[in-house]
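What follows is a short report on a single structure.
The values are calculated or read from the model by the stated rules, or taken from the named source; none is laboratory data. A quick note: this is a predicted structure, and the numbers were derived from the prediction, not measured. Heads up, the Cβs are rebuilt from the backbone with ideal geometry, glycines too, and the neighbour counts pull from every protein chain shown. When the accessible area is computed, the model is the full protein with side chains, heavy atoms only, and any ligands, DNA or RNA have been set aside. Shrake-Rupley method; radii C 1.70, N 1.55, O 1.52, S 1.80 Å.
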Amino acid sequence: MNITAVCPGSFDPVTLGHLDIIRRAAQMFERILVVVMSNTQKTATFSVAERCEMLKTVTAGIGNVEIESHGGLLADYAREKNAKAIVKGLRALSDFEYEFQMALTNKRLNPAADTVFLTASAENMYLSSSLVKQVGMMGGDIHDFVPECIYDNIMKKFAKSINY
Ligand code: ADP
């Protein structure tokens, strides 16, 4: 089978947790579309273009991954791309209720795509983009949280919006 899967998120910025999910999804499906969703309620620190650029850098070595952005509904995007799977990472129980609600809603809007949950790796269980921003903007060391190749870019951005 030749299945296209979508990995959606805000990726503001991409973390080692996201990258782990993308890598594992890339081993399970033929084609992975990582899509930066720009319609979320969250106020972003990085522009959509910056988030896409960082994702391209960190996934450069993975052959079957493409980076895109989308401003509308995920269900419509998946239909447009003929994607049969929406891959999401599940960290703790706290993710579950929201993700379950989103999965059921997306299934209703696009019955052709199923949401597939991958368990977060133990070392990334606590990791989120907001944690990276909280620590980084206060001058803390974020080396353990983000891919090394985008560390400088992230810190440059944080230096402009420093909070202490
Ligand atoms: P965040 O919650 O960090 O702002 P996003 O909205 O960008 O993340 O999340 C995109 C997807 O990546 C979601 O499915 C989310 O559950 C998953 N994800 C985020 N952080 C991790 C992590 N540390 N480990 C596994 N999956 C994660």
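The H on the amide N of Ile86, modeled in the peptide plane, is under 5 Å from the matching H of Val6, Asp114, Thr115, Val116, each at least 5 residues off or on a different chain. Bridgeable lysines around Lys56 (alpha carbons under 25 Å apart, same-chain partners fewer than 8 residues away excluded): Lys42, Lys81, Lys84, Lys88, Lys133, Lys156, Lys157, Lys160.
Residue-wise HN-Hα couplings along segment 108-114, as the Karplus relation 6.51 cos²θ - 1.76 cosθ + 1.60 with θ = phi - 60° gives them from phi, are 5, 6, 9, x, 6, 10, 9 Hz; Gly and Pro carry x. Of the beta bridges DSSP finds with both residues in segment 4-122, what % are antiparallel, to the nearest 5? Close to 0 percent.
Each residue of segment 87-104 is assigned a 3J(HN,Hα), and the resulting list reads 9, 10, x, 10, 8, 10, 3, 4, 6, 4, 4, 5, 5, 5, 4, 5, 4, 5 Hz, derived from the Karplus form 6.51 cos²θ - 1.76 cosθ + 1.60 (θ = phi - 60°), x at Gly and Pro. Rounded to the nearest 10 square angstrom, Thr57 shows an accessible area of 60 square angstrom against a 1.4 Å probe. Could you work out how far the C-alpha centroid of segment 32-55 sits from that of segment 73-133, in angstrom? Cα centres, segment 32-55 to segment 73-133: 15 Å.
Are there chymotrypsin sites (Phe, Trp or Tyr not before Pro) in segment 53-144 that DSSP marks as loop and that have at most 13 other Cβ atoms within 10 Å, and which are they?
Working: sites: Tyr77, Phe96, Tyr98, Phe100, Phe117, Tyr126; in loops: Tyr126.
Within segment 53-144, the qualifying chymotrypsin sites (Phe, Trp or Tyr not before Pro) (loop, at most 13 other Cβ atoms within 10 Å) are Tyr126.
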